[in-house]
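Derivation of every value follows stated rules applied to the coordinates shown; laboratory data play no part. Since the model is a prediction, treat every value here as computed from it, not as a measurement. Neighbour counts run over all protein chains shown; Cβ positions are idealised from the backbone, glycine included.
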Amino acid sequence: MEPGEFEGTIRDDFDGSVPWWPERRRPAPGSPNVVLVVLDDVGFAQLGCFGSDIHTPVLDRLAGAGLQFTNFHTTALCSPTRSCLLTGRNHHSNGMGRVVELATGFPGYDATIARANGFLSQILVDRGYATWAVGKWHLAPEDECHLAAPRHNWPLGRGFERFYGFLEGETHQFVPALVSDNHQVLPPGTYEDGYHLTEDLVDTAIGYVSDLRAVDCDKPFFLYLCPGACHSPHQAPRSWIDRYAGRFDRGWDAWRETAFARQLAEGILPGGTELSARPDWVPAWDSLSEDTRRLYARYMEAFAGFLSHTDDQLGRLVDFLDRTGDLDNTILLVLSDNGASSEGGPTGSVNDVRPWNMAPRSVEEALSRIDEIGGPLCHNNYPWGWTVAGNTPFRRWKREVHEGGVADPLIVHWPAGTRGEDRNRNQYIHAIDVFPTVLELLGIDAPDTLAGVAQAPVHGTSFAEVLADPDAPDRHLVQYYEMFGCRALYLDGWKAVTYHPVQDTSVAFVDDEWELYHVSVDPSECHDLAAAEPERLAGMVGRWWDEARTYGVLPLDNRPFSDLVFDRPRPVPERSRYVYYPGAAAVPEMVAVNVRNRSHRIAATVDIPDPAVGGAPAEGVLVALGSGLGGWTFYLADGRPAYVHNFVSLEEHHIEADEPLPPGRHEVAFRFERTGEHRGVGHLEVDGVEVARGEIPRFTLTKFSVTGAGLTCGYSDGLPVTRRYEAPFRCTGTIERIVIDVDGPPWVDPETEAEEAMARQ
């Protein structure tokens, strides 16, 4: 209890002293649970109940017994939308003007949510709720996602009592980079065992509910459940992908037409809505070769299998809540954080680390690996023709503020609180409205102070009234949008919007051409009324600038990759020597030694057992960084020192000694001699004597991994850098330590850096 709160009596001894216990704060009897499920990169048309032929029976059933909101909007990207959901404030006001990895040193873009913008979890835990976050977080600055970082922006620092999931924007679905509460953990299973992250996350969520109900039958809970689906990599159990064999052979043009017809027939879209034209940069399906169509269909089969598998796992949670008696009094919301993703590019991708390293993504290679798509060796993403289809009937996609980027599915299921025969709701709603709606439904006022910090005004507007009344009027009448210089303003059924090319600095913001749509009757933005209504447009553009100044949008910056991103302070001081010890948790790449484009030496002090005693030569990983999708590894193979550099799974460069190490203590080293841009010669040394050398013609440019694979000492990540060994391939010698010396700062050519940035787009 706080000082001064004691209401009993204290004498010199127990005689006459009166104890006092403060009453534990509990929600009102019958208070509902809250489950907020946030899907990732799922477009408006990709759930069955929103017009898709992808099998999502659980979500369809929830929508059928609840409500589906057909005019729900997000920010166009994941971190920003998630910050809106949990705080009720606009994303720039949360410092989340873009994803955390691309933070800049301005208030609207620093990836740090102010304490004045309290989380829903903080409010509910203070009122006696159990609070849990499971799955993707992506709300802590990237430079705080490691074990030497402060934890105040991790889930447990933001009002959640338990957390199990991953901190960054994406992870491998078979070999995830996991955190439990405030520490890293290894996945509890392997691909070979049948492990998949979504199943693990749902198991954990069920376990949290089970643990609570074993002790307290009535305590309500808030579960924030964020699977990796359907962000790339689109990885799912093979049987789920194979269910869709041949289902997408008709292609994206036919799929769009069919989905659009369903949307109209089921009242998801207002009568008179038109299907936006396929963009001219997306080819007609019939213009593709037979082999290309076969490949592109397989990419979509992997996505569909991933989504259906996720739906099935959510069904396990729903069934469990039904068994515990919680389902009828649970406010269950399911939504997507932005429109479908175009990051697979025009041809799709088998490895999304390739664009970071200016490496090709060819149809020919993908065809040769078509049976691997959706499995552990691919980081696959579909081509952007399927993106356009997934956002039917809208224009454009994730990262942009036309409707394809910001219009998303929302389902609300709450048997105790929803009314009306018509399950469709078409009132305009934004992600910032979820926070005040949940509070109103729970009978809780947004606090003036939270943990001693005065709270900023909530920007969202409750749509609680809409749950019971399908004819309730729109209450959210004005909303700005901005993402990488793309801008829009919604104003009472009208929308002004402009597209600004990403990373291209040749076009000034003042020269952008604004469009105007009457979206209440033309939601697919087919009829630009800018020329017909210039005064209305001018007024809305002016209003956008007012909103931008109010909510911290400025300065505009369309460069995801610039000096503002790359030159921010390192999370830990730069040094020339790094020391690692065996068995420690994986070190995230951002804070691990940076060996790219610089000479370096990796030295392992290791005691080699006598094979005559142990029965086999020493083997295992000394130190490695990355995974089978790209990285390097220094290891022992049958007692022989070996090094592999895996260039984004396109090619492997092997250097290996001929002779095994004799028993005893040795210094085994790999030395990289930089001979040019991102290339050099590797040398293996034993006790100072060179034993092997080899060329490394293409060394990784910027990133080894985008799925969280870090540096490990004495063992391998679950997806090894090379297939020459299997994880965890623990070292059977005794490693004293690993010392890595780097030669000066990494050398960067500004022109090359600019080319790399453009290549990523």
Here the residues of region 133-154 lying in the modelled label zone of THR324, meaning backbone nitrogen under 17 Å from a point 7 Å along Cα-to-Cβ, are 133-135
Between the residues GLY159, GLY105, ALA456, the Cα farthest towards the positive end of the dipole of the chain, that dipole coming from +1 and -1 charges on the beta-carbon of Lys, Arg, Asp and Glu, is from GLY159
If each part is reduced to its alpha-carbon centroid, region 660-708 and region 125-143 end up apart, in Å, by 41
Looking only at aspartates and glutamates whose Cα falls under 14 Å of LYS703's and that sit 8 or more positions away or on another chain, we get GLU101, ASP352, GLU589, GLU753, GLU756
With R₀ set to 56 angstrom, the calculated FRET efficiency between the beta-carbons of ALA531 and ALA28, to the nearest 0.05, is 0.50
Length gained, ARG11-SER289, 0.36 nm per residue minus C-alpha separation, equals 91.0 nm
Computed for the chain: size of charge dipole around the Cα centre, +1 on C-beta of each Lys and Arg, -1 on C-beta of each Asp and Glu, debye to nearest 20, value 240
Given 108-119, 293-304, 542-553, 81-92, the highest-first ranking by average Cβ count within 10 Å works out to 81-92, 293-304, 108-119, 542-553
Mean projected area (nm²) from the convex hull of Cα positions in region 114-230 is 7.9
Straight-line reach check, LYS219, cutoff 27 Å on alpha carbons, 8 or more apart in-chain or any other chain, hits among lysines -> LYS136
Residue span ASP126 to ALA265: 0.36 nm per residue of separation minus Cα-Cα distance leaves a gain in nm of 45.5 nm
Plugging the Cβ-Cβ distance of THR675 and GLU192 into 1/(1 + (r/R0)^6) at R0 = 30 Å yields, to the nearest 0.05, a FRET efficiency of 0.15
With 0.36 nm assigned to each residue of separation and the Cα-Cα distance removed, ARG238 to TRP545 gains 105.6 nm
CD proxy, 222 nm, the chain: helix-only mean residue ellipticity via -39,500 (n - 2.57) per DSSP H run with n ≥ 4, per residue, nearest 500, stands at -6500 deg cm²/dmol
Cross-link reach from LYS495 to lysines, straight Cα distance under 26 Å and at least 8 residues apart if same chain, gives LYS398
In terms of the alpha carbon gyration tensor, root eigenvalues a ≥ b ≥ c, rounded if a/c is under 1.5 and otherwise prolate when a/b exceeds b/c or oblate, region 155-202 is prolate
Distance in nm between ARG577 and HIS183 label points, each 7 Å along Cα→Cβ, equals 2.9
For the ARG247, PHE509 Cβ pair and Förster radius 45 Å, calculated FRET efficiency rounded to 0.05 is 0.55
With label points set 7 Å from each Cα along the Cα-to-Cβ direction at GLU667 and ALA116, the distance between them in nm comes to 5.6
The ratio Rg/Rh over the Cα atoms of the chain, Rh being the Kirkwood inverse mean 1/r radius, stands at 0.99
By the mean-Cβ-within-10 Å protection proxy, highest first, 675-682, 234-241 rank as 234-241, 675-682
Given unit charges at Cβ for Lys, Arg (+) and Asp, Glu (-), the dipole magnitude of region 480-560 about its Cα centre in debye, nearest 20, is 240
Given unit charges at Cβ for Lys, Arg (+) and Asp, Glu (-), the dipole magnitude of region 33-476 about its Cα centre in debye, nearest 20, is 400
Mean Cβ-within-10 Å packing, highest first, puts peptides 191-203, 614-626, 558-570 in the order 614-626, 191-203, 558-570
Residues of region 476-495 with backbone N under 11 Å of the label point set 7 Å from the Cα of HIS518 along Cα→Cβ are 494
Extend 7 Å from the Cα of HIS152 along its Cα-to-C-beta direction; within region 74-92, residues with backbone N under 19 Å of that point are 87
By the C-alpha gyration tensor axes a ≥ b ≥ c (rounded if a/c is under 1.5, else prolate when a/b exceeds b/c, else oblate), the shape of region 184-313 is oblate
